[in-house]
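Written out below as structure tokens is the structure these notes cover.
The values are calculated or read from the model by the stated rules, or taken from the named source; none is laboratory data. All of these numbers come straight from a predicted model, not from anything done at the bench. Positions of Cβ are backbone-derived with ideal geometry, glycine not excepted, and every protein chain shown enters the neighbour counts.
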């Protein structure tokens, strides 16, 4: 299902409209998701993670083969946001046991942050979960405890449910809050 939204951006001349479209990704989009992640992910974690951990996580989560495996074997469904025809962000969801869906990833290119694209992706993911997983009682998301996006997730209705430190290999950990949105 494609979703087209109209948003406004402001420039020196005033308000200007831009169209945002969100569409479900296919395995043919793995290279595009990788390219978006290569810009958005390091930018997000530049002051939180070491360059070595960022590089490790990029390889672990965003290599084209890893993305393909996520989509074909692990149940991830990705959506890509386009603004005025240009890809600007993505979100991924994955069923996680009885009654729960995990929002795996949601990133927007730095130039498009704070322009309502992230909110559109989040709402699209929630609508998808409600439509495709009617028995789901909650959506959960792991978010680094120092990630400034915490306020965004709170604004979207999520709450901190618990926290954890997860060994991801190579001596690296994810120090996360697990946020929850009850459906």
Provide a single number: the residues in region 160-183 that are under 27 Å from residue 52 (Cα atoms), in contact (Cβ under 8 Å) with a residue 12 or more places away in the chain and not in a strand (DSSP E or B).
1
In region 169-182, which residue that is over 11 Å from residue 143 (Cα atoms) and modelled with pLDDT under 95 is surrounded by the most Cβ atoms within 10 Å (Cβ to Cβ)?
172
Here's a check for you: in region 138-154, which residue that is touching a helix residue (DSSP H, G or I) at 6+ places or on another chain (Cβ under 8 Å) and part of a loop (DSSP other than H, G, I, E, B) is farthest from residue 173 (Cα to Cα)?
149
So which of 90, 82 is in contact (Cβ under 8 Å) with a residue 12 or more places away in the chain, within 20 Å of residue 43 (Cβ to Cβ) and crowded, with 20+ Cβ neighbours inside 10 Å?
90
Heads up, the helices (runs of 4 or more DSSP H) in region 1-118 (entirely inside) with at least 3 residues that are in contact with a helix residue (DSSP H, G or I) (Cβ under 9 Å, 6 or more places away or on another chain), modelled with pLDDT of 90 or more and closer than 19 Å to residue 143 by Cα are 30-45, 51-62
Which of the following residues is surrounded by fewer than 16 Cβ atoms within 10 Å (Cβ to Cβ) and either in contact with a strand residue (DSSP E or B) (Cβ under 8 Å, 6 or more places away or on another chain) or assigned to a strand (DSSP E or B) (or both): 157, 135?
157
Considering region 36-63 alone, what residues qualify as being more than 13 Å from the chain's Cα centre (by Cα), free of Cβ contacts under 8 Å to residues at least 60 places away in the same chain, more than 17 Å from residue 167 (Cα to Cα) and surrounded by 13 or more Cβ atoms within 10 Å (Cβ to Cβ)?
42, 63
